[in-house]
Each structure stands twice: as C-alpha cells, then as structure tokens.
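Working notes, structure below.
Nothing in this text is a laboratory measurement; each read-out follows from the coordinates by a stated rule. Model, not experiment: these values are computed from the prediction. Ideal geometry is used to build each Cβ from the backbone, glycine not excepted, and the neighbour counts take in all protein chains shown.
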C-alpha cells in the first residue's frame, strides 16, 4: 500500500470516528443530529437550549449568595472596628478576612435572596446545616461573642455579616438576617427569587443548579450545572446510619433526585426550571453516605416547604401536624387480603392509637388501615407522617380508611391535628414567638416538647409552659417551665390559641388551674 493511500485511509477513519463521537456526545445531551430539526425561525435546537440555559443562569445568578462560617471574628471586621474587612498583614499565613483572596472559611455553602415579610426586606434562605451554630439575630452581645460568624458574599462581590432569624432542623431550612446597613448596601440593589409560584416539578424535567462548591465563589460568581430530574419523593439510603438525617423530613421521602452530583458547598443553592422558576433548594447533605453520593438531591418547593419558609421568614418555629398514631406499612399481599374496594397497592396501618390523641378522638382504632389523608393517597407509614406534616396543628383533615375490627368496612372521619413533638429543640431557632408571652408565660401544645411528655398520658387537655421570662409576674409566683395549665379563670384551654384567647382581655389577678389539681393566682 502506498504511503499516500495509507494516509488517506487513516484520515477518513479519524473523520469517521470524530463524527461518531460528536453524535454520541450530542445524543447524551438529548439532541439528535440525524437529522437536526429546525425551529420555526430556522435556529438549531442545540443553540436554543444553550441560550435557554444561559438566560436562566444570568437571571438567577444575582440572587445567589455564598455563605461562609468562621469560628472567630478577625480584627478589622464588622463589630471589631470601623474598618470593615481591613486587609490582613502580609505576615498572615492563614488569612481569616473574608475579603482576602486566599480566605478559606471553616464551613461554607450557598443561599438565595428572598423577600421578607415586607417586600422591601432582603433575607437569605439556605439549609440549616450550612449555618448551624451561627449567631442568632436576637442574641445578646455575650452570646454572639461565643458563636461563629456568618458572612454572605453577593454576586457583585460585596460582603456583609448575617445572623439567623429562624431555623428548623427537621426541614433543614434556615433564614438569615443581613446586616446591610453596616455594609452600606441598599436592599433595593439585591434581586430576590420568588419561591411562592413555581408549578410542581416533573420527572424528566431539565433543571439548572447554582452553588458555591468547595468555597470557590471568591468573586461572587456561583458555579452552574444542569441535569435531569431523575425521580420525585426520594429519600437518601441508607438514611438510618446517620443520626442527623434521622431527625430530618428527608427520611419521609420528600426529596427531588437529580442525575447530577452536588459537590460540597452546593447546599442551599437554587434548583431552577428552564423557565427560571425556583423549584427546589439543593442539599448535598442528603447524599452524605452510601451509594447515593453519585446523585444530587434537592428539597422541593411543595406545600410543606412553602409553609416552613413562611414560618421562618416570620421568625417562627415551624410546626407539624400529628395524629397520634404509631403507623406501619401494610404489605401489598396483606392489603389485598382485606378485600377492600380501594384501588391502590398498599397503605398505612395504625399499629397503635394513643388515647385522647387526635386520631383516637376521631374514632380511629388500632389495626385500622388508612388509605388517604386530605384526598392524598397513603401507601406507607412515611407517606402518612409526611402528608399529615403538610398541615399545621389545629387543621382539620379528612381521613379515609378501612376498619379491620368489629364493624369491618370503609370509614371516613375528620380529625383535628395535634402538634408533632420536637425531640430535641436545641437547634430550633425562633426569634419572634408564634405564641406571644402572657405575663411572662410562653405556652405550647401539650405534645409540643418531648421532654415534657408523660408516657401514660401524653395527650392531656392542657397547654404546657415552655418558658418563663425573667422578672415577670409568672416568675414572681414561682411558675416554672414544664407545668401544664388546664384552665384560665375556669375556662378550659387545650391549645395555645385557646390560652391566648382566654387571657387577652383579662385584667388584675387571674386564676390558673394546673393539671395536677393545683391553683395559682397571677397578677399583672
């Protein structure tokens, strides 16, 4: 074979391989080249998709911030001098000033700018685990000095300090106050993302993610990636191996799975549709172990998340509804054996029903099968807890199910939900009490805090005192946290709303009847 024929053959082979590789790459992006269809105006769909991605990123990027948590305040930062973020000396080997180009925070993540209770307010929404342990907005100076500092860097590179307005470890969400005045930043200069209007996300939908992987956003520019929604209502596996995940709503299967890996630092970033709608909040925390590290997860902006965000923006604790059932998942074979008329594969079964609980008062008994709550099908115990948790305590929900004892057959009842107990309220931050103190007393649902439960009767017709303010009328008569109040001036109270209604017009001495039979007179 002559040299020029050999070269020509190799050249054709290379060109053929190049065409095949290019075809495969484009197929991987979901864009076929054989043939390439044209839009009405003659544009290549690949270019249209590329332009859509660029437009979404450009529109959302100004609303994405990087968050840094440092253990101590460097000299020259806000609160330590009038020179915000003064440059460190050249001798510093480990710069701890957020404006230094080599600054590396102890912890880092991402957040998004949102409007506050007033449209002109500017707050940051992020994951709780990104800011855990940071300063609380209402803290005293002494408390702040013991807390790590939080810094927020905006897309235009400006920086300000932040503090936590409210945080909820169960939903892994937190809202931050921005110290814009000290940083000389006008709120109107900060563009927010709308978390209230996005339509439900669908499997197969293409999405864009923005974040601060590995604390790289020194220039304020978030890193972008994109992918496909692989599935909905996922939960990380194996979640049971991590105590932090065990306490989160993640375990109930409310996560979006994305076919893109989320690197360290991308927690708290926006998940966006190709229309620029905010459909989720990314969370690398959900993939901390096991086989799920190869996938990304995000918290959807569904009804549960939106209700949580509204509470946090107002500075309140997030509350979750509860029936008072210990549920188990009834297997498909056992569900079919019941010969019900319900056309679904499985359901949740009430293994036990606590006396005087919302479920018990509604007429649900042990071994009853629950197939829907509020019109939403229930396939497992996790479904039941998650759907009930969509509602706040005090909501009335319709429950459809099947009696397996006595009067066997279908049932439909309505239950007024109680409050899902907080196992450990150390991480819950509430700077604006949902239930305003009365004469120094702050109350909650009887099930509101696990540490005040009595095993034999957790669902008592009373409210529990969770806090007594110093130097208040309540403290002066010896009232302590953990005491249950059943009556106010002979008016029965079983919820915080009933307690506040019973006390709001009272003047002078008031008689409080305690659940243990005791009485206390409390003045103004």
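Between residue 491 and residue 259, the contour length at 0.36 nm per residue exceeds the alpha carbon distance by 77.8 nm.
Taking a ≥ b ≥ c as the square roots of the eigenvalues of the Cα gyration tensor, region 435-522 is classed as prolate, since a/c reaches at least 1.5 and a/b is larger than b/c. Region 422-489 and region 324-351 have Cα centres lying 37 Å from one another. Each residue in 407, 66, 273 was given a count of other beta-carbon atoms within 10 angstrom of its own, and listing them fewest first yields 407, 273, 66.
Panel order for 398, 487, by other beta carbons found within 10 Å of each beta carbon, from fewest to most: 398, 487.
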